[in-house]
Structure formats: structure tokens, C-alpha cells
Amino acid sequence: MNASRRGFVKKAALFTTGASLLSTASWSNTSLSANEKINVGLIGCRNQGFYVLREFLQTGNVSCLGICDIDQQILDEKSAVLKKDFQQTPRLYKDFRKMLEDKDIDAVIIGTPDHWHCLQTVYACQAGVDVYVEKPLANSIGECNLMLEAARKYHRIVQVGQQQRSSLVWQGAMDFIKAGHIGKLRKANIWANFEYGIGAKQQADEAVPQGVDFDLWLGPAPERSFNPTRFHGNWRHFWDYGGGLMTDWGVHLLDMALWARDDASEPEQVMAYGRNLSFEEYSRETFDTMSVIFPKKDYVINWEHAAGHQSGPYDMPYGVEFIGDSATVVADRSDWTVKAGGNKETKEAREIAAKYKKQSSFSDVGCHVRDFLRCIKARETPSCSIEVGRNVALYAHMANIAARAGDGSLSWEAGRQSFINSKRANALIMPSYRESWRLSSV
Ligand SMILES: NC(=O)c1ccc[n+]([C@@H]2O[C@H](COP(=O)([O-])OP(=O)(O)OC[C@H]3O[C@@H](n4cnc5c(N)ncnc54)[C@H](O)[C@@H]3O)[C@@H](O)[C@H]2O)c1
């Protein structure tokens, strides 16, 4: 075994078929020196994962040792880009388990569809690797809980890809709200209206494209024939792989309402309406139309989406309206403003707001990546910890579950991690994995 940079000594074979318990790993507290480059691997390269990897490499403090995808064409394309733009020649993998055997890899980026996040994060934690996992943390509440358990058990640094937590625009808005300049925040109205939320136009099933390992793409999800409208990019509209706009954008934006109140509590209740009401010729299961209320002790969070078009309140396709007693803040990723109510407090708040405005020369993802890299070396908690990612994922999944289970309103018992009096809702807490990918334990 080469001198491991991972700070642990491996004494047992990591995997059997599917996941296995790595009970014989013992840990040391070695960490990387300040000048040492961090070695990363990427799992899931087509879109967001590769964008995040580029941000890693742009820091100049990272080497890419491996990239992994089930699609050979994507591997070939991305490796050519890495060579040309960054002079990096990573090893190419189809099976992420093989990549995790490289003991020089310190951290992985997980940019796969949501149904893979749990297994790949748990395996990475078991292998002693730190993790930047895309949002939502996982495709179910039960998987989120397993990931939290694994991160804690194996002492891993996990950054969840909710980059708004590292954005100076949102930080400025949060500081302003928390300093009391809008009075008591009692309502957060959130909306996310996106054209892509209706999915792709329906098509018949077809042969699996050459170079694609579709069985490995499905992984823990049920076996089925290949259909392009459920594959690259489009998977987010099918329950087996994603949660539609409710989880895709929900975790980013609901998290802003929770952050503004420094609220780490789990939802106690959710009321949700979700249906597919239009665009019948498009292929999806997740809802094109949703309205959701999360009643909290002394404030309320509202969520709205209408997919298939791209406009909304204040002429913004998405945003958060923070309603306080004395002023209202409206925010998106680019900026936030205090809306004039005409009263004295509002006018004062608008003048003070300018002092809180911040911008970064890096993108939000660039800031998020830099925060993660710093935390890997310092062994500190990153700006979107697994606890934060898990908690907001619970809100988003509960909204979908309330609408899917047909009950409309659900109450959650945090102590038992289950819904009160709803068998149908409780059946959606954890998907049943295909036999070969069953996770026996973390
Ligand atoms: N933070 C953000 O703002 C943001 C934006 C977009 C997407 N995302 C998240 O990023 C993730 C990926 O989304 P996307 O739009 O890039 O999806 P995508 O379908 O475009 O890309 C996913 C890639 O993962 C690969 N893949 C699938 N299973 C794999 C496996 N077992 N091993 C290796 N590779 C595998 C696919 O072949 C594909 O290349 C999702 O979780 C999504 O929610 C986050």
C-alpha cells in the first residue's frame, strides 16, 4: 500500500457486491499541509459535476486524478477538455468503486443524478474520502439519514452543493435580515417557475446508446428499458431518480428561509397540493404545479411552482420574498432589494441595506468550492454541512410526499423519523433498492 494521504489505514476489502460495512478501518488525524495540492476525483461528469470540477481546478490548488462516468462518450469528451484547458490527465473509470480504490484521492465530487448520491457518498466515506455532493443531498429522507450517519462515523468533511450558502449576495441579505432591519420575519414566500420543469417531449423506448452502461446508471433504482426522456438531464422528472422542481430548486430556496431564521429544526407539518395539470405531451411524473405551506412555530414558509413557463412575482422566474413587520426583502442569486412600503422604517431600511451588500469576484460555486477546500485542510465544518443539506432536503421531500400520498397534509415525528398516521407517506421515506445495491449498513 502506498503512503496513504487519506489519514486512515485500510485493513479490509472495501466492497463486496453492493455496499459493505467497513468496520476494520482505523483512523489517524493526519491532514494535508497548507501548500499541498488536494487530489480529487469526479463521479458523474456530464453537466454540473464537470462545472464544479472546473471550479476546483481554477483554484490552482487541486489535481484531478480520476473522472468516472457510465457513458464512454462523456468520459472521452471531458478528458479532452481537461487536457486542453487544465493540462490534467486523470484516469478514466466507469465504475466509481474502482476509482475509490485510488488511495491518493483525497476528495470526490458527486455530480450524478439524485438516486445515486446516497450510495456514492456512503462508499466514499467508508473509503476515507471527503465529499462534495451535489444537491439535493439524496432522493429520499431515509437516504439523507444514512449519509449523515456515514459522514459522522467516518469523520468526513462533506459539502453539499447548495452554493447559495457560500454566496456573498445571500450572506449580505441574511446579515441584514438577522440584524433586525425588516423587523420580525414572519413569512417567506418562495417561487420557482422554470420551463424545464415539464420534462422532455414523449418518445418511445429505444436501444441503449453505445458506450452507455445503463444498468450502472440505474444502480439502486428499478430495472427498466431505456428511454431518452428519463436519461441524461431528464431524470429529475421521475420519482425513481429525482423530485422535480420541488427538490431541484426547493433545497436551494427553502434553505434561504431557514437560514434567515437560523432554523435547524425539522418540519413538524406540511400542507401540499401537487398535480400534473398541463403539457400532457411531455414526459414526467413529478408535478408541474405545486403549492406548499410549512407552518412553523412563529413564522410560515410558502412554496409555489408552475413549470413550463418562466415568469413570476416581481418579474422574476424564481425568488424569495422575506416579509418582516417593518419591511420586505426580495432576493435572488444576483441581488436583493428592500421593497418600499412607504413607511418610515422601510425608507430607513433601504438606506441601511446598501451597507450590507457584498459581491465576490468568484462565482457562488467558486466560493463554495474554496470553502470546501479550506475545510478539508482545517478539518472544519463547511458552509453547507451535511446537517444543513439533510434538513432542507427533508422539507422538500416531505412536500412531494404529502402531495404524492394524497393526504395533502402530513405531520412529522422527528424522534421516530416518520409521519404520524400515514402508511402511504411512510412507505415513501426510503426507496427499496435493487438487490445488488442493497445497503446493509453504513
Ligand atoms: N448546485 C446546483 O446549482 C446544481 C445545478 C444543476 C444540477 N445539480 C445537481 O447535480 C447533479 C447532476 O445533475 P446534472 O444536471 O449534471 O445531471 P446529468 O444527467 O446531466 O449528469 C449526470 C452524470 O452522471 C452520470 N452518471 C449516472 N450514474 C452514474 C454512475 N453510477 N457513476 C458515474 N456516473 C454516473 C451520467 O452519465 C451523467 O454524465 C444532480 O444531483 C443535480 O440536482 C446541481
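The values are calculated or read from the model by the stated rules, or taken from the named source; none is laboratory data. These numbers come from a predicted model, not from an experiment. Reconstructed Cβ throughout: ideal geometry from the backbone, glycine too, with neighbour counts over all protein chains shown. What goes into the accessible areas is simple: the full protein's heavy atoms, side chains included, and nothing from ligands, DNA or RNA. Shrake-Rupley method; radii C 1.70, N 1.55, O 1.52, S 1.80 Å.
Condition check: open to solvent by 60 Å² or more (accessible area, probe 1.4 Å), modelled with pLDDT of 95 or more, closer than 20 Å to Val160 by Cβ and among the hydrophobic types (A, V, I, L, M, F, W, C). Does Met430 satisfy that?
Answer is yes for this residue.
Is there a residue being free of Cβ contacts under 8 Å to residues at least 24 places away in the same chain and open to solvent by less than 50 Å² (accessible area, probe 1.4 Å) anywhere in the stretch 249-264?
No, the stretch 249-264 contains no residue that is free of Cβ contacts under 8 Å to residues at least 24 places away in the same chain and open to solvent by less than 50 Å² (accessible area, probe 1.4 Å).
Of all residues in the stretch 197-221, which are touching a residue at least 40 places away in the same chain (Cβ under 8 Å) and either within 10 Å of the ligand (Cβ to nearest atom) or buried (at least 18 other Cβ atoms within 10 Å of the Cβ) (or both)?
Scanning the stretch 197-221 gives Gly197, Ile198, Gly199, Val212, Asp213, Phe214, Leu216, Trp217, Leu218, Gly219, Pro220, Ala221.
Let me spell it out: the conditions are (1) open to solvent by less than 10 Å² (accessible area, probe 1.4 Å); (2) over 15 Å from the mean Cα position of the chain (by Cα), and Val133 meets all of them except one. Which number is the exception?
Only one criterion is unmet by Val133, namely (2).
Looking for whichever is under 22 Å from His368 (Cα atoms), without any contact (Cβ under 8 Å) to a residue 12 or more places away in the chain and among the polar types (S, T, N, Q) here; the options are Asn61, Asn35, Asn47. Which one fits?
Just a single option satisfies the conditions, and that option is Asn35.
Looking at this structure, is Lys78 at pLDDT 95 or above and either within 16 Å of Arg156 (Cα to Cα) or near the ligand (Cβ under 8 Å from one of its atoms) (or both)?
No, not satisfied.
Taking helices (runs of 4 or more DSSP H) that fall entirely within the stretch 77-196, which contain at least 1 residues that are over 25 Å from Leu32 (Cα atoms), in contact (Cβ under 8 Å) with a residue 40 or more places away in the chain and aliphatic (A, V, I, L, M)?
117-126, 141-153, 168-178
Out of curiosity, is Ala354 open to solvent by 20 Å² or more (accessible area, probe 1.4 Å), farther than 30 Å from Lys153 by Cα and either in contact with a strand residue (DSSP E or B) (Cβ under 6 Å, 6 or more places away or on another chain) or small (Gly, Ala, Ser) (or both)?
Taking the combined requirement at face value, the residue satisfies it.
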